[in-house]
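Read-outs: derived from the displayed coordinates by stated rules, not from any lab. These numbers were taken from a predicted model, which means no experiment stands behind them. In this analysis, Cβ positions are derived from the backbone assuming ideal geometry, glycine residues included, and neighbour counts consider all displayed protein chains.
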Amino acid sequence: MLPSVPLAIPASDTGRARNALTLSRPHLGSGGGGGGGVAGPLTPETSRPGSPYAPPVNYDGLSWPSVGAKERLEATPEQAAERQEKLSGAIRTILECIGEDPTREGLLDTPARYAKAMLYFTHGYEQNLRSIVNNAVFREDHDEMVIVKDIEVFSMCEHHLVPFTGRIHIGYIPKGHVLGLSKFARIAEMFARRLQLQERLTRQVAMAVEAILKPLGVAVVMESSHLCMVMRGVEKTTATTITSSMLGAFRNSTRTREEFMHLVR
Ligand SMILES: [Zn+2]
């Protein structure tokens, strides 16, 4: 069993205050769970803090991890196979419950296929910011707005377990450090490939960039279409949901925010 140690990092120890790359792991070696092999960079926290935003980046970089996420991340191949079999069984139950015959030819392998797909849709639980950002923060005096726009995002609504898809735009104003451009897409991908709310996804991406770079400001805007709205419920096929998270200069200065919004349009 995993020790259920609540996340208790002093305020000065949070990712907000320190660069994700240089975060130390004060609890390393004291956890003891998971059969020992905890050396190396991938040792996420064992329990989920109360809020997905505090701290935005914990010292292991997993960001709002749960006990299950840690178990999944550290699973042996046998445990992973067992997990997939258990998940397949649940899909078989779903097939029965909707009035299908899981033993007919067309559906025989569907539970296993869907189990694999579901694990792929949520592979962000196995990723952490520390390894994503790895060696891609560069010292640079550039202090003008940098924008990476139209990053495609595929995520899963945590209320209905159906997809929402769209695009995310990330902007920031550096203060001494820049991040390799491809990393923004990878950060968005990490948070998107978990069960999400669009609001939380947007804010988590913004807070991660802030924690990693300590820039003058961060802006994240996401526009997406939710299948739970399109295929069920109100069945509004053209509705787009737009969320934004503005930090630092983007929150304080209307002009900066407007420049960003103009450039991502
Ligand atoms: Zn939904």
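A few comments on the model shown:
- A dipole drawn for the stretch 119-204 from +1 and -1 charges on Cβ atoms has a positive end, and of Gly124, His169, Ala192 the residue lying farthest that way is Gly124.
- Stretch gain in nm, segment Ser182-Leu108, where the contour uses 0.36 nm per residue and the Cα spacing is subtracted: 22.7 nm
- Multiplying the residue separation of Ser225 and Lys175 by 0.36 nm and subtracting their alpha-carbon distance yields 14.6 nm.
- Taking every DSSP bridge with both residues inside the stretch 118-206, close to 85 percent are antiparallel.
- As a length-normalised measure over Cα pairs under 8 Å and 6 or more apart, the relative contact order of the stretch 130-265 settles at 24 percent.
- Protection proxy ranking, peptides 97-107, 147-157, average beta carbon neighbours within 10 Å, highest first: 147-157, 97-107
- Sorted on the mean count of surrounding Cβ atoms within 10 Å across their residues, most packed first, peptides 133-141, 215-223 read 215-223, 133-141.
- Once the chain from Arg265 to Thr241 is taken as fully extended at 0.36 nm per residue, the excess over their C-alpha distance is 7.2 nm.
- Cα-projected label distance for Glu158 with Ser253, points at 7 Å along beta-carbon direction, nm: 3.4
- Spin-label pair Ile94-Lys149: with each label point 7 Å from Cα along the Cα-Cβ axis, the two points sit 3.6 nm from one another.
- Burial order of peptide ranges 203-211, 257-265, 77-85, 160-168 (average beta-carbon count within 10 Å, highest first): 203-211, 160-168, 257-265, 77-85
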